[in-house]
Amino acid sequence: MRARVFVTLKPSVFDPQGTTVAEALHTMGYEAVKDVRQGKYFELEIDVASADEARRIAAAVSDRLLANPVIESYRVEIDEHAIERT
Amino acid sequence: MKFAVVVFPGSNCDHDAYHAAKHVLGQEAEFVWHKDTSLGGADVVVLPGGFAHGDYLRTGAVARFSPVMQAVRTFANAGGPVLGICNGFQVLLEAGMLPGAMLRNRSLKFQCEHVFLRVEQTDTPFTIACRPGQVLRIPIAHGEGNYYAEPEVVERLEKNRQVVFRYTTATGEATPAGNPNGSLNNIAGLCNEGRNVVGLMPHPERACELAIGSVDGLAILESVVKAVTEGAFAPVK
């Protein structure tokens, strides 16, 4: 089972990297891009039978290590079909 | 008295801390590898600067799981003095031994320069030899020293007098001009509620000899020698 974890800074936290990327895009002429938030992306291969169990483990490791709850939030997506392609 | 200097893979100010403790202050000092589970009977623990575990994921995020951290936590819970310098401060934040987190510097640059700090509290083991409001000139060298915590956490830190050091101008004013990295409330260093665990981004161990530009860091390191020698902040054995 594959879990995808997206970690981003909380909306209330200033993101100097995202702001710099947005400014660069404006310089390049992409005025329509109003805001950029930079984050991290993880793919976890989890050897369990159910999507619920994979979701539980992915959330636990996100809480404990992948994200710092003081400044970051995360989103977990489970790809149940990943196992069928292996 | 004895200093324990913790060495993580990627620590690079461990020798500076050891040198300051042993050769400048004339105290005993010992390196403690991050896989060790004992602090060897030390009176004070220093988590040095550097890039522990490559700073992978986040600064200090992996170091907090190093085996030695359990011993550091036990030592701190017993009241022993713990100093986190730069990356060591980031490790203390990730370990939850101090509140808050570090963001990338507002400038997005690795800031490497001498800055001015104002001593806000003198009732910690690392500031008891300082004068209240004393301004120290000490170097910083970090990319992620932009302190952040939720507003209610910052309010509690200020109310409990846990902000130990603040970035200031040369004349001791905590203004945006004196803030090198965007830290909330110009916070450069904090203590825990027990006041025995202190973290700061500037490097006092790099400011202990005139030959390298400043001796203002001595006030911080001499404080802990005084605190331990006089029996204040000794760990409960």
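The values are calculated or read from the model by the stated rules, or taken from the named source; none is laboratory data. Please read all numbers here as calculations on a predicted model, not as lab measurements. Cβ sites come from the backbone with ideal geometry, for glycine too, and all protein chains shown count toward neighbours.
Being within 11 Å of chain B (Cβ to nearest Cβ) and β-branched (V, I, T) is the filter here; which residues of segment A:1-29 pass it?
The answer is A:V7, A:V13, A:T19, A:T20, A:V21.
Find the strands (runs of 3 or more DSSP E) located wholly in segment B:1-94 whose residues include 1 or more that are among the acidic types (D, E) and over 30 Å from A:V61 (Cβ atoms), and list them.
Of the strands (runs of 3 or more DSSP E) lying wholly inside segment B:1-94, those with at least 1 residues that are among the acidic types (D, E) and over 30 Å from A:V61 (Cβ atoms) span B:28-33.
For residues in segment B:39-54 being among the small types (G, A, S) and free of Cβ contacts under 8 Å to residues at least 60 places away in the same chain, which is farthest from the other protein chains (Cβ to nearest Cβ)?
Per the stated criteria, the residue is B:G41.
Within segment A:1-33, which residues are more than 17 Å from the chain's Cα centre (by Cα) and in a helix (DSSP H, G or I)?
Listed by number, the residues that qualify are A:P16, A:T19, A:T20, A:V21, A:A22, A:E23, A:A24, A:L25, A:H26, A:T27.
Within segment A:33-44, identify whether any single residue is in contact (Cβ under 8 Å) with a residue 40 or more places away in the chain and away from chain B (no Cβ under 13 Å), and answer yes or no.
yes
Restricting to segment B:150-165, what's the tally of residues that are away from chain A (no Cβ under 14 Å) and part of a loop (DSSP other than H, G, I, E, B)?
Count: 3.
For segment A:12-62, name all the residues that are out of contact with any helix residue (DSSP H, G or I) (no Cβ under 7 Å at 6 or more places or on another chain) and polar (S, T, N, Q).
Passing the criteria: A:S12, A:Q17, A:T19, A:T20, A:T27, A:S50, A:S62.
Can you find a residue that is farther than 28 Å from B:A101 by Cβ and free of Cβ contacts under 8 Å to residues at least 12 places away in the same chain anywhere in segment A:60-74?
Within segment A:60-74 (the criterion being farther than 28 Å from B:A101 by Cβ and free of Cβ contacts under 8 Å to residues at least 12 places away in the same chain), the answer is no, since none of the residues qualifies.
Here is a yes/no grid of residues against (1) free of Cβ contacts under 8 Å to residues at least 60 places away in the same chain; (2) hydrophobic (A, V, I, L, M, F, W, C); (3) buried (at least 19 other Cβ atoms within 10 Å of the Cβ); (4) within 14 Å of chain A (Cβ to nearest Cβ):
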| residue | (1), (2), (3), (4) |
| --- | --- |
| B:Q134 | no, no, no, no |
| B:E144 | no, no, yes, yes |
| B:Y148 | yes, no, yes, yes |
| B:Y167 | yes, no, yes, no |
| B:T171 | yes, no, no, no |
| B:A177 | yes, yes, no, no |
| B:P204 | no, no, yes, no |
| B:S214 | no, no, no, no |
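So, in segment B:94-115, of the ones that are over 22 Å from A:P11 (Cβ atoms) and touching a Pro at 6+ places or on another chain (Cβ under 6 Å), which residue ends up nearest to the other protein chains (Cβ to nearest Cβ)?
Checked segment B:94-115; the qualifying residue nearest to the other protein chains (Cβ to nearest Cβ) is B:Q111.
If you check B:A42, B:A52, B:A78, B:A61, which single one turns out to be of a type in the set (G, A, S) and surrounded by fewer than 20 Cβ atoms within 10 Å (Cβ to Cβ)?
Unique residue meeting the criteria: B:A78.
Restricting attention to segment B:173-192, report how many residues are closer than 17 Å to B:R137 by Cβ and either in contact with a Lys or Arg (Cβ under 7 Å, 6 or more places away or on another chain) or in a loop (DSSP other than H, G, I, E, B) (or both).
So the count comes out to 8.
Within the set of pairs 6 or more residues apart or between chains, which connect a residue that is without any contact (Cβ under 8 Å) to a residue 24 or more places away in the chain inside segment B:55-68 to a residue that is part of a loop (DSSP other than H, G, I, E, B) and of a type in the set (V, I, T) with Cβ atoms less than 7 Å apart?
B:Y56/B:V62
State which residue is surrounded by the most Cβ atoms within 10 Å (Cβ to Cβ) when the search covers only segment B:1-38 and only residues that are over 16 Å from B:E222 (Cβ atoms) and free of Cβ contacts under 8 Å to residues at least 24 places away in the same chain.
B:Y18
Can you tell me which of A:A58, A:A82 is farther than 30 Å from B:L108 by Cβ, buried (at least 16 other Cβ atoms within 10 Å of the Cβ) and at pLDDT below 95?
A:A82
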